[in-house]
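The values are calculated or read from the model by the stated rules, or taken from the named source; none is laboratory data. All of these numbers come straight from a predicted model, not from anything done at the bench. Positions of Cβ are backbone-derived with ideal geometry, glycine not excepted, and every protein chain shown enters the neighbour counts.
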Amino acid sequence: MMLSLIVIGVLLASLIVWIVCRQHSLKVRAHLMQEAIRNRDFTFRLPTDGLLPGERAMQQTLNQLGEVIRQQVNQNEVESWERLTRVLTHEVMNGTAPITSISQSMLHRDDVKGSPLEPGIQAIFDTSRHLSDFVANYRKISTLEKPILEDVSFHPVLDEVCKTYPELTWEINIPTDLIVRADVGMLRQVLMNLAKNAVEAEAKKIVIEQIEELTDSRDLTLYIGNDGLPIPAENRQSLFVPFFTTKRNGSGIGLSLSRRMMIQQGGILDLAEKSIGGCRVGFIFTINKRVIPEKRSTTFLL
């Protein structure tokens, strides 16, 4: 009898210890996710291994919720810029069109050619033309066509980009048979923009890694980084703002346009918080996949 009581006591004590440890683990998970949300890091994904069925289902839902929140935040940001774009396009075009027309007419007048007035009128004409080009860039953002989504083999599209930028060394570590749900033209343009930015940042190589996914995820998440000049901390928050650029001849629409293309395809383009493979700048590239590859990843250099 005494032995039975001792066994029961040990089992009860073990159960209590297990419950306490379990509750502490869940509290830690809740704290980590709370801190991630507070810091606007919606990329959080906590593992589901070792959880009870109910806990696993809850964690999977929270992981998916992070992706939904991140996509919604990006979508709201893009829509806000679109509304501002439409207003500015209208106002700027109304203001520059008559200036350009009048100054161009005056430059053809005989009493202006060769006179002291010509340089000033020429400056007015050049400035108005520059503003017109600026408006044209606005329209590129506000008039994107609706994407045509289809099953696209990822590697052939990536190969085209690699061939377009042979001056870069491409370190690619992703499955060779990835199939994504995307607009092939938009997908190609986004990859081109990322490669172009890398070249302009004096990069010598681009690294593409597949980020470990949740088993129930329908998304393909890649890290696309380069070893170019790092982005100053004060510029990181403005990186996807339309027309924000630190380059002398940059238009500032490449990344903002790329993000909008990704959102229209149901994907995400974000700046990565951590670097991989010796990169100084990295992006998180997420898009819906249709076929989960069974082959192991292969690494090759181009």
Taking the range 178-237 and keeping residues within 20 Å of Lys163 (Cβ to Cβ) and of a type in the set (D, E, K, R) leaves Arg188, Lys196, Glu200, Lys204, Lys205
Residue by residue through the range 94-123, note down the ones that are hydroxyl-bearing (Ser, Thr, Tyr) and under 24 Å from Val135 (Cβ atoms). Thr96, Thr100, Ser101, Ser103, Ser105
Which pairs have Cβ atoms under 7 Å, sit 6 or more apart or on different chains, and link a residue in the range 154-176 that is on the phi < 0 side of the Ramachandran plot to one that is of a type in the set (Ser, Thr, Tyr)? His155/Thr176; Asn173/Ser297; Asn173/Thr299; Ile174/Ser297; Pro175/Ser297; Thr176/Thr298
If I go through the range 95-145 residue by residue, how many of them are in a helix (DSSP H, G or I), basic (Lys, Arg) and at pLDDT 80 or above? 1
Pairs only if they're at least six apart or on different chains, beta carbon under 9 angstrom, first in the range 256-282 and without any contact (Cβ under 8 Å) to a residue 40 or more places away in the chain, second of a type in the set (Phe, Trp, Tyr) and buried (at least 19 other Cβ atoms within 10 Å of the Cβ); list them, first residue then second. Lys274/Tyr223
